[in-house]
Structures are given as structure tokens and as C-alpha cells.
Amino acid sequence: MPNNLSVYWVDHKRDPQCAPDPNYPNGKAIDISVPGSPSCAADLPYPARRCGVYVIECRQCGFKIGLTTAGRLDDPRSIRIPCFRRSQ
């Protein structure tokens with residue numbers, strides 16, 4: 001499946017204030033897809049440089065989501081989102 005997602009990061013120009021969650025020493029795989037329905041996935045730059053937000057958009061259906069970062073080891077490292085165009 002081709003990668004239909006565009007990903008860009010918005011820097012909030014702030015360093016993390018808290019320690020990372022020790023339950024996620026290798027980052028988090030974020031999955032908000034609907035089981036059994038079409039979806040798109042992408043790896044994210046990991047870890048982010050500091051606090052900010054990834055803006056992820058599906059080029060096929062236009063679904064867009066913001067995903068916060070903190071510049072820590074528990075940042076998101078991948079995302080899977082539903083693709084509404086292919087599920088209609």
C-alpha cells in the first residue's frame with residue numbers, strides 16, 4: 001500500500017518539563033484506525049526535537065489529525081489512521 005500520509009511537525013520551541021513514561025522506552029505506536037476498515041500508516045521522526053505537534057493528513061480523503069510531542073523517549077514513533085475515502 002502506498003503511503004498516502006503527509007507529516008509535518010510544528011515546533012512549539014519548548015523543552016520537555018517532565019520525565020518520559022518508563023512504560024514506553026521505545027516510543028508509542030498510535031493506532032486510531034477502525035478494525036477491518038481501510039487505513040493508512042506512517043513512521044514518524046522519532047523522537048521529536050522538543051515539544052510540538054505532528055500534523056498528519058491523508059492525501060486521499062483529507063482526514064487530518066494533530067499528535068503532540070515532547071521531545072522524549074515516549075513520543076509517538078508511528079501513526080495509523082482511518083481512510084474515509086476508501087471505506088465509502
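Brief remarks follow.
- Of the set (1) closer than 17 Å to Ala70 by Cα; (2) assigned to a loop (DSSP other than H, G, I, E, B); (3) open to solvent by 90 Å² or more (accessible area, probe 1.4 Å), all apply to Tyr8 but (2).
- Single residue of the range 34-65 satisfying the filter (within 18 Å of Pro16 (Cα to Cα) and within 13 Å of the chain's Cα centre (by Cα)) that is modelled with the lowest pLDDT: Pro47
- Test: residue in the range 48-69 that is basic (Lys, Arg), surrounded by fewer than 14 Cβ atoms within 10 Å (Cβ to Cβ), within 28 Å of Asp15 (Cβ to Cβ) and in contact (Cβ under 8 Å) with a residue 24 or more places away in the chain: yes
- Cβ-Cβ distances below 7 Å connect the following pairs, each with a first residue in the range 9-34 that is without any contact (Cβ under 8 Å) to a residue 40 or more places away in the chain, a second residue that is surrounded by 12 or more Cβ atoms within 10 Å (Cβ to Cβ), and a separation of six or more residues or different chains: Arg14/Arg50; Arg14/Cys51.
The values are calculated or read from the model by the stated rules, or taken from the named source; none is laboratory data. This one's a predicted model, so the numbers in the text were calculated from it and none came from an experiment. Note: ideal-geometry Cβ built from the backbone for every residue, glycine included; neighbour counts use all protein chains shown. We work out accessible area using only protein heavy atoms, side chains counted, and drop any ligands, DNA or RNA first. Shrake-Rupley method; radii C 1.70, N 1.55, O 1.52, S 1.80 Å.
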